[in-house]
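Here's the structure we're looking at; comments come further down.
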Amino acid sequence: QVQLVESGGGLVQPGGSLRLSCTASGSIFSSSTMAWYRQAPGKERERVALITSSGSANYADSAEGRFTISRDNAKNTVFLQMNSLKPEDTAVYYCHLEYLRVTAYWGKGTHVTVSS
């Protein structure tokens with residue numbers, strides 16, 4: 001069983017930045033694809049960014065150019081650097097781990113609120 005623990009959410013003004021972190025337990029992190037999803041009130045959960053075990057990243061159109069996903073395999077941690085935040089980025093952000101396309105785990109989420 002893998003546990004994912006997110007941190008770094010909070011309240012930020014439009015145009016500000018936040019860095020989310022997600023730390024995984026266990027030993028499969030380095031072989032796993034990691035992703036950040038978000039779910040805004042009344043909306044479906046959507047993937048924001050993904051990074052493969054080899055370090056290849058891709059982003060949703062809404063995140064491209066503003067968000068950066070990265071990973072530190074030595075610390076079993078994935079990060080999401082979010083810059084130029086907008087009110088529409090307000091959501092609960094979830095960490096997701098997928099291992100060999102067989103097993104997947106979710107974190108419990110961290111709240112991000114972008115408001116003046």
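Quick rundown of the values:
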| quantity | calculated |
| --- | --- |
| Charge dipole (the chain, unit charges on Cβ, about Cα centre) - positive-most of ASN83, THR68, GLN1 | GLN1 |
| Rounded percent of accessible protein surface that carbon and sulfur make up, the chain, 1.4 Å probe | 45 percent |
| Solvent-accessible area per residue, Å², over segment 63-116 with all protein chains present [probe radius 1.4 Å] | 53 Å² |
| Kirkwood Rh, angstrom, segment 38-116 [1 / mean 1/r, Cα pairs] | 13.5 Å |
| Derived scalar couplings ³J(HN,Hα) [segment 18-28; Karplus, 6.51 cos²θ - 1.76 cosθ + 1.60; whole Hz; x for Gly, Pro] | 9, 10, 8, 10, 9, 10, 9, 8, x, 10, 9 |
| Charged-residue dipole, Cβ positions (Lys, Arg, Asp, Glu), segment 56-111 about Cα centre, Debye nearest 20 | 200 debye |
| Estimated FRET transfer efficiency when R0 is 41 angstrom, pair ILE28-SER116 (beta carbons, to 0.05) | 0.50 |
| Exposed GluC sites (Glu not before Pro) absent - longest run of the chain, DSSP non-H/G/I/E/B, at most 16 other C-beta within 10 Å | 65-116 |
| Stretchable slack from GLU98 to SER54, in nm (0.36 nm times residue separation minus alpha-carbon distance) | 14.5 nm |
| Rotationally averaged projected area of segment 23-64 (alpha carbon convex hull; nm²) | 3.8 nm² |
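The values are calculated or read from the model by the stated rules, or taken from the named source; none is laboratory data. The shown structure was predicted, so the numbers you read here are calculated from the model rather than taken from an experiment. We place every Cβ from the backbone using ideal geometry, glycine too, and count neighbours over all the protein chains shown. What goes into the accessible areas is simple: the full protein's heavy atoms, side chains included, and nothing from ligands, DNA or RNA. Shrake-Rupley method; radii C 1.70, N 1.55, O 1.52, S 1.80 Å.
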